[in-house]
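Encoded as structure tokens, the structure appears first; notes follow it.
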Amino acid sequence: MTSSGLGIQGPLAPSKSAAGVAHKGLDRAIERCQKYLLDSQYQDGYWWGELEANVAITSEYLMLTHFFDIGDRNRWQQIVEYLKSKQRSDGTWSVYYDGPGNLNITVEAYFAMKLAGVSPDEPYMVRAREFILSQGGLPKVRNFTKIWLALLGQWDWKATPVMPPELMWLPPFFPFNIYEFSSWARATIVPMTIILNKRPVRPVPDYARIDELMPTQAGKPSYTLRDEPGVASWQRLFVGMDGLLRLWDRVPLKPGRGRAFQKAEQWILQHQESNGAWAGIQPPWVYSLLALHCQGYPLDHPVMARGLNAFEEFALEENGTFRTQSCISPVWDTAWVVIALEESGLPPDHPGMVKAGEWLVSKQITTEGDWAVKFPGVVPGGWAFEFENDWYPDIDDAAEVIFALTKVALNDEIKEKTVQLGIDWMLGLQSSNGGWGAFDKDNVRRFITRMPFCDFGEVIDPPSVDVTAHILEILGMRGQRPENSPAVERGLRYIKDEQEYDGAWFGRWGVNYIYGIGAVLPALQAVGEDMSQPYVQRAAGWLKDHQNDDGGWGETCASYDDPSLRGQGPSTASQTAWALLGLISAGEGLSPQARRGVEYLLLTQAGDGSWDEEYFTGTGFPKDFMIKYHMYRIYFPLLALGRYRRIVLGA
């Protein structure tokens, strides 16, 4: 497509004709996407797309059903078909689409398939087994995989980490306590204090054993920790503590141990959501069920029954396959859809917009969650990521919901009250360095990441640039500037301090530097920054320099492992949209690079108004747990095209 194809003359300055009417191709693309979204809106007013992760989530679900002896053979076969569909040609499974084979995920998928009755002689099983053994076999997998293997009799419990339940007695002001962990890690560690000490085992049939994954020279499984050189280090401290705890574990009588179990049990019961889940994500949810089982809860107990039934809300069954999602994102998806629809021209009083706005208002959380343990003076008013997760409202979600509510025609008094309550809650959770984390304030004690237990991903929730940028954007839209708002001034300083050497910003919750820049530049514009400043233009220049030959932008998840890959990868609709949002905010919306990005989106749009996107562009834990939001490929391109059209029209 040429520049004349967009109806723009000269070097993309808005001509009289371009300013008078948008190009038909751009209009049609926007209208098709709007129709796609309006047709997919749920009756209650929300939008909800799949949140795809790696296959370990579904493999562990199958293991759980075996452990509880509630496995359904038909469903297990559907899971096998799903696992086979995601297996790479070399026999492995990966953390993200087109990523390298991952030992932990491959072991869990292999074991799940054997439990479901798949023969180890199948060629795809042989290839998986060869990879596993080439990587050192079972002794080399992460602790959480070893825990699953121990639950099913395939690993020695003695060769797993130590986590005493007495941890529950440590008060929040103590340097080391459960509230120093991130929300997702905390909700996992509490049930683990029961599981790792009760050490339950549900044997598997002989045909399902995975002895063949143990290297012949491995010997008896053991748990050893690697010390660090030097006189003192956190790693050395934890090595010493681990040794002492293992000695304590051999003592037959442990005064107070029973009461510690009860305290953990009560914490778990208190934190179950009304829909039966825990923390809105599968790992804490699964481990909470296992911990309560260890405490004697039968499967027909109401708490257990609700927890098991809740999996159906997270499950997807199609084309002869079955899979479970690690989490669901209706609040997040709905907020972004509303923003994209309004900025692409849908009226604020459109019935679909009003219904969505009313639904978002109804989901505001006005009860205290875990965040209030350390900061009890903050008035609640956030939103969760999921349908139900009152204990863990998400600061990033709150920012986008507030942004969305400003786009919808609702009762002014109700809207203003809702918005202000949400803003006050977010301001109360600003961290000391000026940034915002996802769930907690000042959750930054990195020494706990050196615990031997913590090898499964992020275990703290420090501030991130992208969350901070989203909050600054909404504060800026509300008229707050660095000169009249200490919160904005501190947040802006944090963002400036976090800029990378080459002008980019790291993306904590989206892949990666493209996401970071795409979040920061609109925020800078919203708070009134002079967008001609060198540091801003360096970021815009970074985007220009990393545009692909096809006009789009893409970045592989591997950039988290290898920073030299920053900004490199096949073009995707969502990442192209983020780059366009950044360029438009930096005053480069009429640049040749922006025009080529728009052309890429127009050329790759599907007939139904959506875009195809195989690649994962979201993150849970960078490197260890990546996410594909199935609606990112729809609402972010629509938002970018909508803002671009405003530039073309001069509006």
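Just so you know, all these numbers are worked out from the coordinates, no wet-lab data involved. Predicted model only: the values in this text are computed from it and were never measured. Ideal geometry is used to build each Cβ from the backbone, glycine not excepted, and the neighbour counts take in all protein chains shown.
Given points 7 Å out from each Cα along the Cα-Cβ axis, report the Asp549 to Lys198 separation in nanometres with one decimal.
Here the answer is 5.9 nm between the modelled labels.
For Phe173 and Arg493 in one chain, what is 0.36 nm times their gap in residues minus the Cα-Cα distance, to one decimal in nm? Could the numbers behind the result be given before it?
Details: separation 320, 0.36 × 320 = 115.20 nm, distance 2.85 nm.
This chain segment gains 112.3 nm when fully extended.
What residues from segment 387-419 fall in the zone where the backbone N is under 12 Å from a label point 7 Å along the Cα-to-C-beta line of Asp44?
Under 12 Å, as judged by backbone N against the label point of Asp44, lie 387-389 of segment 387-419.
Aspartates and glutamates within cross-link reach of Lys407: Cα-Cα under 16 Å, excluding same-chain residues under 8 positions apart?
Leaving aside aspartates and glutamates fewer than 8 places away in the same chain, those within reach of Lys407 are Asp333, Glu342, Glu343, Asp349, Glu358, Asp397, Glu416, Glu473.
Residue by residue, what Karplus-based ³J(HN,Hα) values in Hz, rounded to whole numbers, does segment 376-386 have, using 6.51, -1.76 and 1.60 with θ = phi - 60° and x for Gly and Pro?
x, x, 7, 7, x, x, x, 9, 8, 6, 9
Taking the Cα atoms only, what angle lies between the long axis of helix 632-649 and the longest principal axis of the chain, rounded to 10 degrees?
That helix lies at roughly 20 degrees to the long axis.
Given a Förster radius of 25 Å and the C-beta distance between Ser85 and Val303 as r, what FRET efficiency does 1/(1 + (r/R0)^6) yield to the nearest 0.05?
0.15
Diagonalise the Cα gyration tensor of segment 54-158 and give the resulting equivalent ellipsoid semi-axes, square root of 5 times each eigenvalue, largest first, whole Å.
The answer is 19, 17, 12 Å, longest axis first.
How do 570-583, 470-483 rank on mean C-beta neighbours within 10 Å, highest first?
570-583, 470-483
Taking only C-alpha pairs under 8 Å that are 6+ residues apart, what is the relative contact order of segment 54-158 in percent?
27 percent
In whole Å, what three semi-axes, largest first, describe the equivalent ellipsoid of the chain built from its Cα gyration tensor (square root of 5 times each eigenvalue)?
After diagonalising the Cα gyration tensor, the semi-axes are 43, 28, 24 Å.
With r defined as the distance between the Cβ atoms of Phe447 and Asp98 and R0 fixed at 30 Å, what FRET efficiency is calculated, to the nearest 0.05?
0.25
Return a whole-number percent for the relative contact order of the chain, with Cα pairs under 8 Å and 6 or more residues apart as the contact set.
Details: 1159 pairs, mean separation 110.2, N = 651.
Rounded, it is 17 percent for the chain.
Could you go through segment 130-136 in sequence order and give the Karplus-derived ³J(HN,Hα) for each residue, using 6.51 cos²θ - 1.76 cosθ + 1.60 with θ = phi - 60°, rounded to whole Hz, and x for Gly and Pro?
With coefficients 6.51, -1.76 and 1.60, one gets 4, 5, 4, 5, 5, 9, x Hz.
Taking the alpha-carbon centroid of each part, what is the distance from segment 553-590 to segment 99-163 in angstrom?
With segment 553-590 and segment 99-163 each reduced to a Cα centre, they are spaced 35 Å.
If packing is taken as the average number of other Cβ atoms within 10 Å across a peptide's residues, how do 158-165, 517-524 rank, most packed first?
Top to bottom by mean Cβ count within 10 Å: 517-524, 158-165.
In debye, nearest 20: dipole of the chain around its Cα centre with unit charges on the Cβ of K, R (+) and D, E (-)?
For this selection, approximately 1200 debye.
Taking the alpha-carbon centroid of each part, what is the distance from segment 593-634 to segment 318-346 in angstrom?
Each part's Cα centre sits 13 Å from the other's.
Tilt of helix 573-585 relative to the longest C-alpha principal axis of the chain, in degrees (0 to 90, nearest 10)?
50 degrees
So for the chain, taking the charge dipole from beta-carbon charges (+1 Lys/Arg, -1 Asp/Glu), which of Tyr207, Trp542, Phe322 sits furthest toward the positive end?
In the chain, that residue is Tyr207.
Cβ neighbours within 10 Å, averaged per peptide: list 601-607, 289-295 in order, most packed at the top.
Top to bottom by mean Cβ count within 10 Å: 289-295, 601-607.
How high is the FRET efficiency between Asp561 and Glu614 when r is their beta carbon distance and R₀ equals 22 Å, given to the nearest 0.05?
The calculated FRET efficiency here is 0.65.
Ordered by residue, what ³J(HN,Hα) values in Hz, to whole numbers, does segment 169-181 give under the Karplus form 6.51 cos²θ - 1.76 cosθ + 1.60, where θ = phi - 60° and Gly and Pro are x?
My calculation for segment 169-181 gives 7, 6, x, x, 7, 6, x, 10, 7, 5, 7, 8, 7 Hz in order.
Near the amide H of Gly554, under 5 Å away, which other amide H atoms are found, from residues 5 or more places off or on another chain, if H is placed in the peptide plane?
The answer is Asn548, Gly569, Thr572.
For the chain, what is the calculated [θ] at 222 nm in deg cm²/dmol (nearest 500), taking -39500 (n - 2.57) for each run of four or more DSSP H residues and dividing by its residue count?
Helix contribution divided over all residues of the chain: -14500 deg cm²/dmol.
Could you give the nm distance between label points at Phe68 and Ser274, where each point is 7 Å from its Cα heading toward the beta carbon?
Label at Phe68, label at Ser274, 2.2 nm between them.
Taking the 0 to 90 degree range and rounding to the nearest ten, how far is the long axis of helix 234-249 tilted relative to the main principal axis of the chain, both from C-alpha atoms?
40 degrees
Amide H to amide H under 5 Å from Gly510: which residues, 5+ apart in sequence or cross-chain, H placed 1.01 Å off N in plane?
It is Thr619, by chain and number.
Taking amide H positions as placed in the peptide plane 1.01 Å from N, state which residues far from Phe625 in sequence (5 or more) or on other chains have amide H under 5 Å from it.
Gly620
Compute the distance in nm between two label points, each set 7 Å from the Cα along the Cα-to-Cβ direction, one at Met477 and one at Glu318.
3.0 nm
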